[in-house]
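Reading through the structure tokens given below for one structure.
The values are calculated or read from the model by the stated rules, or taken from the named source; none is laboratory data. All values derive from a computational prediction rather than experimental measurement. Neighbour counts run over all protein chains shown; Cβ positions are idealised from the backbone, glycine included.
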Amino acid sequence: MRREQLRGRGAVVTGGGGGIGRSIAMALAGAGMDVVVADVDVAAAERVRDEVRALGRRAVAVRCDVSQLAEVEALADAAYRELGDIAVLVNNAGVTWRPYRASWDASVDDFAWIMGVNFWGALHGHRAFVPRMAASPLPSHIVNTSSAATLRPVPGHAAYTASKAAIDGFSMAVRAEYEAAGLDIGVTLLYPGPVRTGFAGSERLRPEADRAETRGVVPWSSYTDGQPMRAGAEAPGAIDPDTVGPLVLDAIEHDRPYVMTHPVPPFLAERARQLTEAAPPAPHPSVE
Ligand SMILES: NC(=O)c1ccc[n+]([C@@H]2O[C@H](COP(=O)([O-])OP(=O)(O)OC[C@H]3O[C@@H](n4cnc5c(N)ncnc54)[C@H](O)[C@@H]3O)[C@@H](O)[C@H]2O)c1
């Protein structure tokens, strides 16, 4: 979508109250868009709403838990009511666990919580917004925040990786579906590498009884001679979140399928090599 097709139209950013979501909201506002800042932490959403307004754009803060379909549907209703036309949806809200923990030390609820926000949250966004985007005579774009965690293995982070890999598969399928069905809705997958945000503190959003410190979760480091896992915001090479928003804006303007914030992990090339080696040499009838 060209810049002039964005200007004056609406954008919705979930998890817009901080970090990467805030950066995307500010970049879209800088391109002349009005923004609905949605977050389960409404005070954080209101702070970013005020920053967007300071750029001279319209902005609304909405409290929304993306893991609940009814709340995302209410978000869509509010967004269309307040801004009239939504050109961009950014399904960015996400959570993680700390300490990193082995899959066998995690509870089923740990998995359900992370899948509920990270994957179901993005799915709810598509369910709530796509019918109205499809009915619009104007083009639209959806950005789904994945993670570099799906491009290489991260021990101690199985639920998170599973949730983001689900977003990857879903996004690639729906991008192809929209294209095949002639819908003017672009889809971009954002792959942040380590970004300096408050992400490691996600468990603050869980009921106290479910938090790791209450339950005494066995940390992954107990299997690695005390060596802590350093990924995400704690990793060397972590970048400032403000650098991410402009990359996302550029991808929307050029309908790029992927945004990368860091170099491609060598694991990805190695995986492609191993898959090629594992495949039968001649063309195979099944690609399922
Ligand atoms: N920071 C990193 O290194 C990194 C790396 C890869 C991917 N990501 C992804 O980037 C996205 C943004 O993360 P961030 O680093 O900016 O972290 P962040 O914690 O600063 O921002 C996440 C925002 O999502 C909100 N949120 C959490 N649960 C929610 C829910 N149920 N409903 C609505 N809002 C909710 C939080 O209140 C917060 O404002 C996430 O999807 C995350 O998985 C981050």
One residue from Ala44, Ala61 being surrounded by fewer than 24 Cβ atoms within 10 Å (Cβ to Cβ), under 28 Å from Arg230 (Cβ atoms) and within 19 Å of the chain's Cα centre (by Cα): Ala44
Hits in segment 248-260 (condition: buried (at least 18 other Cβ atoms within 10 Å of the Cβ) and out of contact with any helix residue (DSSP H, G or I) (no Cβ under 6 Å at 6 or more places or on another chain)): Ala251, Ile252
Index of the failed condition, Pro153 passing every other in (1) in a helix (DSSP H, G or I); (2) surrounded by fewer than 17 Cβ atoms within 10 Å (Cβ to Cβ): (1)
Segment 66-93, residues that are within 12 Å of the ligand (Cβ to nearest atom) and either touching a Cys at 6+ places or on another chain (Cβ under 7 Å) or among the aromatic types (Phe, Trp, Tyr) (or both): Glu71, Val72, Leu75
Restricting segment 178-211 to residues that are surrounded by 15 or more Cβ atoms within 10 Å (Cβ to Cβ), within 11 Å of the ligand (Cβ to nearest atom) and part of a loop (DSSP other than H, G, I, E, B), the residue that is farthest from the chain's Cα centre (by Cα): Arg206
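Yes/no per residue for (1) within 16 Å of the ligand (Cβ to nearest atom); (2) of a type in the set (A, V, I, L, M):
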residue	(1), (2)
Val95	yes, yes
Ser107	no, no
Phe111	yes, no
Phe119	yes, no
Leu123	yes, yes
His126	yes, no
Unique match (being over 24 Å from Val13 (Cβ atoms), without any contact (Cβ under 8 Å) to a residue 60 or more places away in the chain and small (Gly, Ala, Ser)) among Ala212, Ala181, Ala238: Ala181
Close pairs from segment 50-61: first under 16 Å from Ala79 (Cα atoms), partner surrounded by fewer than 14 Cβ atoms within 10 Å (Cβ to Cβ), Cβ under 7 Å, at least 6 apart: none
Number of the exception - Ile239 against (1) within 11 Å of the ligand (Cβ to nearest atom); (2) among the aliphatic types (A, V, I, L, M); (3) out of contact with any helix residue (DSSP H, G or I) (no Cβ under 9 Å at 6 or more places or on another chain); (4) modelled with pLDDT under 95: (4)
Unique match (being among the β-branched types (Val, Ile, Thr) and over 20 Å from the mean Cα position of the chain (by Cα)) among Thr214, Thr243: Thr214
